[in-house]
Amino acid sequence: MLSFYHQRIMTNSEQQVTKFKNKERHMKIVIIDYGAGNIKSIQFALKRLGYEAVLSHNIEEIKDADKVIFPGVGEAASAMDKLKKSGLDKIIPTLKQPVLGICLGMQLLCNYSEEGDTVGLNIFDVVVKKFPKGEKIPQIGWNQISNLKSVLFEGVKENEYMYLVHSFYVPLNKFSIATTNYGLDYATALQKDNFYGVQFHPEKSSVAGEQILSNFLQLK
């Protein structure tokens, strides 16, 4: 039987942990809202983890964030046009805090995409290519990720399944931190300095996807 004193010590310790967790959850998270992203599902996924995120295209608000999520769905050229109209194409490459590109967001972080002959943000010196004939395009559904090389995947098993929807892919390169096979091996995640990218949708990838989002939010 624990004494009242020891019970008090344990309770105080737990309160300190709770205060720390609450402080972490009050970090400023911005999901870039530029009209080409599945932003609500990401916001809801973060809320399930206990975090509130702001949807914004305001440059100062994005620059001031602790973490930035750069989503993207649709076609590369039109998405880049939207970034240019808002001036975000100049701002995103200068960000110093952790940035996570999701799906098309990851592809736009590359220097060029064959989709729409699109010049990207040139953070990853890689060319985004269209899947060759042979497999059904677009790839839609669950596929495995392997060769996991980053703290982004801490607690995620090799060959875990993630949800993907895409017709273009990033070839394996020196920035690759995860691999997927769909007719060929390709990079399903990238990292360079404070920039991370995932081709899959963590917000739609069940517990493992939520783990990746949580890991991203813990990055310093």
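Just so it is clear, none of the values below were taken in a lab; they were calculated from the coordinates. A quick note: this is a predicted structure, and the numbers were derived from the prediction, not measured. Neighbour counts run over all protein chains shown; Cβ positions are idealised from the backbone, glycine included.
Counting DSSP beta bridges with both partners in the chain, what percentage is antiparallel, nearest 5?
Here the share of antiparallel DSSP bridges comes out near 55 percent.
Of all the C-alpha pairs in the chain, what % are more than 24 Å from each other? Percentage above 24 Å: 43. The length gained on full extension between E210 and K90, counted as 0.36 nm times the residue separation minus their Cα-Cα distance, comes to 40.2 nm. Packing around the peptides 27-35, 130-138, 178-186, taken as the average count of other Cβ atoms within 10 Å per residue, puts them in this order, highest first: 27-35, 178-186, 130-138. From the cross-link list K149/K204; K85/K204; K136/K204; K28/K149; K63/K220; K47/K204, which pairs have alpha carbons spaced over 24 Å apart? As for pairs spanning more than 24 Å Cα to Cα, those are K85/K204; K28/K149.
Toward the positive end of the charge dipole of segment 4-217, about the Cα centre and with charges on Cβ (Lys, Arg +1; Asp, Glu -1), which of N194, Q139, M27 goes farthest? Of the candidates, M27 comes out farthest on the positive side. Set the Förster radius R0 to 22 Å, insert the Cβ-Cβ distance between Q218 and S78 as r into 1/(1 + (r/R0)^6), and round the FRET efficiency to 0.05. Between Q218 and S78 the formula returns 0.05.
Estimated from the Cβ-Cβ distance and a Förster radius of 41 angstrom, the FRET efficiency linking E114 and H26 is about 0.45.
Placing +1 on the Cβ of every Lys and Arg and -1 on the Cβ of every Asp and Glu, with nothing else charged, gives the chain a dipole about its Cα centre of roughly 440 debye. For the peptides 142-149, 108-115, the ranking by mean Cβ contacts within 10 Å, running from highest to lowest, is 108-115, 142-149.
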